[in-house]
Amino acid sequence: MNKPLSGDEEWLLAYYNFDQADGDTLTDLSGNEYDGTLVNFAESGWTSSSARLGVESAMSDGGGITGTDSTELKFARLGKADEDMYFLHISNPDGSAYSDKAKLTVTAETVPPTLISHGALITEDDFTEAAVRFNEALNPDTAGDAANYLIAGAEVVDVIVQDSGDGVLLEIEGLDTGDYQLNVSGVTDIAGNKMASSETGGGFLTLQPLNIGDIDPSGAAHNFGDEIELISSGSDIWSNADDFTFLFEEKTGDFDMAVQVRSINNPNGWSRNGLMVRETLDDNSMMLGAFATPSSGQGYFALERREAAAACFWWNNDGTLGSAVKQGGIKYDTYTVPGLPNLWIRMKHSGNRFSAFRSANGGDWIEMGVNNLEFSDTVYFGICQSSPGTTRYSNYGPFVYTGTEIAITESPQSATATLGWDHTFVVGYTATTAGKPLAEGELAFQWLKNGQAIADANDPTYTTPGVLSADDDGSRYSVTVSMGDVAATSGAAVLSVAKDSTAPGVALASKPAVIYGGGQYVSVEIDVPETDYTVEFWFRTKDPNAGLYCVVDANLGGGGHDRHLHLSGGNIRGRTWSGPGVEMSSGLNLADGQWHHLAHTLGADTNGQQIFIDGNLVVQGAKDMSNFDWQKHINIGFSNDAASQFLVGEMDELRVWSVVRTEEEINANRNKQLNGDEDDLIIYYQFDETSGAVLPDTTGAYDGVLVGM
């Protein structure tokens with residue numbers, strides 16, 4: 001603070017030294033043009049003063065040192081002539097002070113440099129480069145002499161000495177692949193110590209460097225043998241397009257790959273560094289990434305996902321099973337999570353399942369996230385770096401545990417399932433490595449049907465897809481749990497498939513029900529509630545897109561319609577107007593010709609709307625009231641939203657309540673006939689008549705009219 005500034009210092013916003021002699025403007029010397037104005041001063045507010053900032057200079061016994069005006073004295077390259085006594089002189093017009101003297105002794109360094117490692121790769125420009133690392137900075141003249149490097153059967157045509165001085169890049173002709181021997185001689189360090197002639201072996205990196213993006217990332221990769229240096233000047237890996245440097249290989253099928261991130265030198269706190277899988281090499285490709293950001297910035301592990309040509313989003317959790325996905329879930333370099341250079345990242349691919357892990361030693365792994373995304377069988381996989389900077393990696397390659405043991409503790413159980421439905425199998429297992437349990441994401445699961453692998457069946461549980469048919473009867477299901485070469489296969493469960501011939505208790509064969517033949521429906525003139533409402537009924541049909549029920553202004557939706565219930569592909573779909581009121585089940589087949597009970601509730605008591613099928617909750621939505629409030633009718637056996645608007649099938653026992661019925665209340669009464677005088681019951685149709693065009697309401701309030709029957 002006792003030193004005048006030059007005005008161009010970084011982060012300096014404004015700077016006034018008050019050295020001018022006249023005028024009513026105080027000049028900003030930072031160049032940012034924040035000049036001040038002198039207000040209410042005399043004709044001239046300026047005067048001379050003896051107060052000055054101190055001027056610092058370094059001194060030796062031989063006198064002052066030119067160009068030194070700091071409390072710190074640095075030598076770019078020490079020589080024997082620099083051996084002297086040094087002290088600091090601080091002065092201003094009012095006085096001066098001297099520091100104690102310090103003696104600098106310069107000792108000649110006599111140890112010659114040694115070669116640490118080297119390796120080769122094919123650059124993006126399709127020429128061969130070998131990168132050589134030494135243990136210290138070299139004399140650039142000897143290090144840059146191509147004659148000091150020999151490779152049998154090849155020629156070193158150019159040498160680049162890196163700015164650090166301890167690395168050189170050799171451009172080579174006549175070497176394309178495979179192992180090679182490098183002879184280095186005549187190289188000296190800065191002190192002039194000459195390295196003994198050395199011949200060591202090296203190999204090629206199979207990864208290919210590529211700059212991806214439209215903002216000219218112009219990065220490069222160098223293979224130093226024990227370390228990969230990745231340099232990028234790209235923009236980012238984010239949004240709907242990437243701009244970065246990628247060092248990749250093609251991978252087919254399942255894989256398990258790991259890498260150590262040794263250092264990240266990047267001013268961008270969100271620079272992505274780590275592992276990536278891509279569908280294509282286009283900048284907007286579908287991708288998954290497991291990254292670390294610079295410790296000088298965010299210092300996070302970050303897992304990113306992009307589906308085809310869509311924006312990125314986060315998919316990592318905090319490493320705890322079942323924890324929520326969130327941005328920057330894990331910060332490293334803390335007392336619980338070590339940082340660089342002991343930072344390892346791993347990505348495992350099994351089927352469509354990708355798992356990401358972190359480690360502090362490359363052996364003990366913690367799962368960070370699991371994601372399912374369907375890529376082609378062959379993908380582009382490797383290491384990457386975004387934003388201008390340099391990242392150093394090592395130990396890239398396949399990961400395999402040692403000492404792994406897997407045992408099946410409970411095989412899938414044989415069962416009898418219902419025709420037209422699905423069935424779920426589970427397996428019990430233990431998996432350890434060196435006695436420590438393995439996370440689920442570490443393992444590969446493959447379910448088999450009659451001894452043949454089932455596509456995309458790669459989870460600890462397996463649910464039969466679609467609906468069961470008679471062809472599934474007697475099928476045998478098993479699962480193989482594996483980790484690398486270690487695997488265990490369960491015993492086989494036999495699945496019996498039986499037809500459900502049990503009719504609902506209120507729709508016995510001797511009990512009449514309304515039969516719809518298409519183009520027919522029941523109209524009821526009634527204003528039902530917009531919320532705190534339940535409708536329930538029995539139905540059966542073979543039409544997977546049948547209309548079942550809706551609330552309307554005029555019949556068949558004239559003037560507006562709402563609260564639709566209908567089938568879509570065999571699933572139940574409901575729509576409550578407006579906003580987020582569309583909900584649909586999955587995995588059901590309600591068009592199986594069997595009786596099914598449906599209940600639809602709407603109200604704040606259920607935090608939205610719910611649909612129950614045969615007493616089981618299959619739909620939960622946020623919409624808790626209808627904005628359609630000018631209804632005058634309900635239509636039974638019809639829905640404007642359905643692909644087949646009119647029901648072809650049967651309906652029975654329809655009830656409308658002015659209250660949200662609980663799951664327990666629905667199940668307690670769905671197989672019972674009511675009296676018609678129950679609390680909160682608005683309308684109730686038993687469908688017991690055998691003739692006539694009127695459908696009597698058992699409550700006595702709202703008779704329906706059979707239309708087209």
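Considering only the chain, what is the antiparallel percent among its DSSP beta bridges, to the nearest 5?
The antiparallel fraction comes to roughly 95 percent.
Between Ser70, Thr416, Val535, whose Cα lies farthest towards the positive end of the dipole of the chain when Lys and Arg beta carbons carry +1 and Asp and Glu beta carbons carry -1, centred on the Cα centre?
Of Ser70, Thr416, Val535, it is Thr416.
Between Val337 and Thr378, what is the label-point separation in nm under the 7 Å Cα-to-beta-carbon projection?
Modelled inter-label distance: 3.6 nm.
Assign one of three labels to segment 553-658, namely rounded, prolate or oblate, based on the Cα gyration tensor with a ≥ b ≥ c the square roots of its eigenvalues; rounded applies when a/c is under 1.5, prolate when it is not and a/b is larger than b/c, and oblate otherwise. Walk me through the numbers before you get to the answer.
Values: a/c = 1.57, a/b = 1.12, b/c = 1.41.
Since a/c reaches 1.5 but b/c is at least a/b, the shape of segment 553-658 is classed as oblate.
Full extension from Glu250 to Asp35: what is 0.36 nm times the residue separation minus their Cα-Cα distance, to one decimal in nm?
That works out to 71.4 nm of additional length.
For segment 625-664, run through the trypsin sites (Lys or Arg not before Pro) and keep only the ones in DSSP coil with at most 13 other Cβ atoms within 10 Å of their Cβ.
Passing sites in segment 625-664 do not exist.
Given the rule -39500 (n - 2.57) for each run of at least 4 DSSP H residues, summed and divided by the residues of the chain, what is its mean residue ellipticity at 222 nm, to the nearest 500 deg cm²/dmol? Please report the intermediate quantities before stating the final value.
Details: 2 runs with 11 residues, N = 709.
Roughly -500 deg cm²/dmol at 222 nm, from the helical runs in the chain.
Considering the values (1) 34.7; (2) 37.7; (3) 50.4, which represents mean projected area of the Cα convex hull in nm² as calculated for the structure under consideration?
(3)
Could you work out how far apart the two model spin labels at Glu689 and Thr432 are, taking each label as a point 7 Å from the Cα in the direction of the beta carbon, and quote it in nm?
So the two model labels end up 7.3 nm from each other.
Karplus couplings for segment 387-398 from phi (6.51 cos²θ - 1.76 cosθ + 1.60, θ = phi - 60°), rounded to Hz, Gly and Pro as x?
Whole-Hz 3J(HN,Hα) from phi for segment 387-398: 6, x, x, 9, 10, 10, 10, 8, 6, 6, x, x.
Which entries in Lys74/Lys101; Lys348/Lys436; Lys101/Lys194 show an alpha-carbon gap greater than 26 Å?
From Lys74/Lys101; Lys348/Lys436; Lys101/Lys194, over 26 Å: Lys101/Lys194.
Order the following by accessible area, largest value first: Lys348, Lys449. Probe radius 1.4 Å; ligands, DNA and RNA are ignored.
The ordering from most to least exposed comes out as Lys449, Lys348.
Give me the extension gain from Ala152 to Asp680: residue separation times 0.36 nm, minus the current Cα-Cα distance, reported in nm with one decimal.
Here the segment from Ala152 to Asp680 would lengthen by 180.6 nm.
What is the Cα centroid distance between segment 642-709 and segment 252-294, reported in whole angstrom?
Measuring centre to centre over Cα atoms gives 59 Å.
At what distance in nm do the modelled label points of Asn616 and Ser99 sit from each other, each positioned 7 Å from its Cα along Cα→Cβ?
With each label point 7 Å from Cα toward Cβ, the separation is 8.0 nm.
Give the aspartates and glutamates reachable from Lys449 as a straight Cα distance under 17 Å; neighbours fewer than 8 places away on the same chain don't count.
Straight-line reach from Lys449, under 17 Å: Asp422, Asp459, Asp471, Asp472, Asp473.
What FRET efficiency would be calculated for the residue pair Leu73, Gln181, taking the C-beta separation as r and a Förster radius of 60 Å, to the nearest 0.05?
Working from the Cβ atoms, E equals 0.85.
Once neighbouring chains are kept in place and the probe is 1.4 Å, which whole percent of the accessible area of the chain is contributed by carbon and sulfur?
Percent of accessible area from carbon and sulfur atoms in the chain: 48.
Using the Karplus curve 6.51 cos²θ - 1.76 cosθ + 1.60 with θ = phi - 60°, work out ³J(HN,Hα) for each residue of segment 354-360 in order, rounded to whole Hz, and write x for Gly and Pro.
Computed from phi, the couplings for segment 354-360 are 10, 10, 10, 9, 10, 8, 9 Hz.
The values are calculated or read from the model by the stated rules, or taken from the named source; none is laboratory data. Predicted model only: the values in this text are computed from it and were never measured. Cβ sites come from the backbone with ideal geometry, for glycine too, and all protein chains shown count toward neighbours. Just the protein is used for accessible areas: all its heavy atoms, side chains included, with ligands, DNA and RNA removed. Shrake-Rupley method; radii C 1.70, N 1.55, O 1.52, S 1.80 Å.
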